[in-house]
1. If you take the residues in the range 147-167 that are touching a helix residue (DSSP H, G or I) at 6+ places or on another chain (Cβ under 9 Å) and of a type outside the set (Val, Ile, Thr), which one is nearest to HIS122 (Cα to Cα)?
2. Answer yes or no: is there a residue in the range 119-127 that is open to solvent by less than 20 Å² (accessible area, probe 1.4 Å), in contact (Cβ under 8 Å) with a residue 40 or more places away in the chain and touching a helix residue (DSSP H, G or I) at 6+ places or on another chain (Cβ under 8 Å).
3. Quick one: ILE66 ticks every box in (1) in contact with a helix residue (DSSP H, G or I) (Cβ under 7 Å, 6 or more places away or on another chain); (2) at pLDDT 90 or above; (3) of a type in the set (A, V, I, L, M, F, W, C) except a single one, so which number is it?
4. Considering only residues that are surrounded by 14 or more Cβ atoms within 10 Å (Cβ to Cβ) and without any contact (Cβ under 8 Å) to a residue 24 or more places away in the chain, which ones fall in the range 66-79?
5. Can you work out which of the residues in the range 152-177 that are without any contact (Cβ under 8 Å) to a residue 40 or more places away in the chain and in a strand (DSSP E or B) is surrounded by the fewest Cβ atoms within 10 Å (Cβ to Cβ)?
6. State yes or no: is VAL103 closer than 14 Å to PRO188 by Cα, open to solvent by 40 Å² or more (accessible area, probe 1.4 Å) and among the hydrophobic types (A, V, I, L, M, F, W, C)?
7. Does ILE203 count as out of contact with any Ser or Thr (no Cβ under 8 Å at 6 or more places or on another chain) and either under 30 Å from LEU50 (Cβ atoms) or surrounded by 13 or more Cβ atoms within 10 Å (Cβ to Cβ) (or both)?
8. Among the residues of the range 178-200 satisfying the criterion of being within 14 Å of LEU98 (Cα to Cα) and of a type in the set (A, V, I, L, M, F, W, C), which is surrounded by the fewest Cβ atoms within 10 Å (Cβ to Cβ)?
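The values are calculated or read from the model by the stated rules, or taken from the named source; none is laboratory data. Please read these numbers as outputs of a predicted model, since none were measured by experiment. Cβ placement follows ideal geometry from the backbone for every residue including glycine, while neighbour counts extend to all protein chains displayed. Heavy atoms of the whole protein, side chains included, go into the accessibility calculation; ligands, DNA and RNA do not. Shrake-Rupley method; radii C 1.70, N 1.55, O 1.52, S 1.80 Å.
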Amino acid sequence: MARYRDASCRLCRREKMKLMLKGDRCLTAKCAITKKREVPGPTNRKMKQLSEYGIQMREKQKVKRIYGVLEKQFRNYYHEANRVAGVTGENLLRLLELRLDNVVYRLGLARSRAQARQFVQHGFINVNGKTMSVPSYSMKVGDKVSFSQRGNAISQVKEILDGLKSEYVPAWLSLDLSAKQGEIVTLPIREHIEYPINEQLIIEYYSK
């Protein structure tokens, strides 16, 4: 399975914002954005003003990196969003939010999307009581997410479960602290996505 294997902090520096790729570490003084603000590359390189196309591409790259999706898969999400009824940009973000690895992260069952993806691939996550090992699995309203028996045996998972807080869970999800289980209660809408994303730029990029 293809995935990005280089230093993730370079991605935040390139996009000039915290993409929260390393979870809580991004909120500390160790964050690359705090320590080193310049864009990665030669220090004497002159930054040119971006063209309209360049601005659109940067927005697309930013969203890809937030959700940990590579180009081919991201393009497929765009085509799917364009096929269904509704606003294409909002459809695109909804499809990304409903990915299993993102849902695990948004519920607080992982400290980052990368960790959530790893938990899913290792068989630590159950969907409706059955182990699901596909991070891109598209969740539906009513689906329930929890750790599998194998996942509950991991010390790292126990630490996460001990620190679960329902107030940080977005409105389209619910978290049962006693059962250590999350549920999709409604489809996410644009207001539920707090990242500074201009999805219209992405639609314009792919529409050319």
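1. GLY151
2. Among the residues of the range 119-127, not one is open to solvent by less than 20 Å² (accessible area, probe 1.4 Å), in contact (Cβ under 8 Å) with a residue 40 or more places away in the chain and touching a helix residue (DSSP H, G or I) at 6+ places or on another chain (Cβ under 8 Å), which makes the answer no.
3. All conditions pass for ILE66, except number (1).
4. Hits for the range 66-79 are PHE74, TYR77.
5. Taking the candidates together, the pick is ASP176.
6. Details: closer than 14 Å to PRO188 by Cα: yes; open to solvent by 40 Å² or more (accessible area, probe 1.4 Å): no; among the hydrophobic types (A, V, I, L, M, F, W, C): yes.
It is false that VAL103 is closer than 14 Å to PRO188 by Cα, open to solvent by 40 Å² or more (accessible area, probe 1.4 Å) and among the hydrophobic types (A, V, I, L, M, F, W, C).
7. Numbers: out of contact with any Ser or Thr (no Cβ under 8 Å at 6 or more places or on another chain): no; either under 30 Å from LEU50 (Cβ atoms) or surrounded by 13 or more Cβ atoms within 10 Å (Cβ to Cβ) (or both): yes.
In short, no.
8. The initial filter retains those residues of the range 178-200 that are within 14 Å of LEU98 (Cα to Cα), namely 182-190, 192-193.
Retained after the next criterion (residues that are of a type in the set (A, V, I, L, M, F, W, C)): 184-185, 187, 189, 193.
Working: ILE184: 19, VAL185: 11, LEU187: 13, ILE189: 13, ILE193: 18.
It comes out as VAL185.
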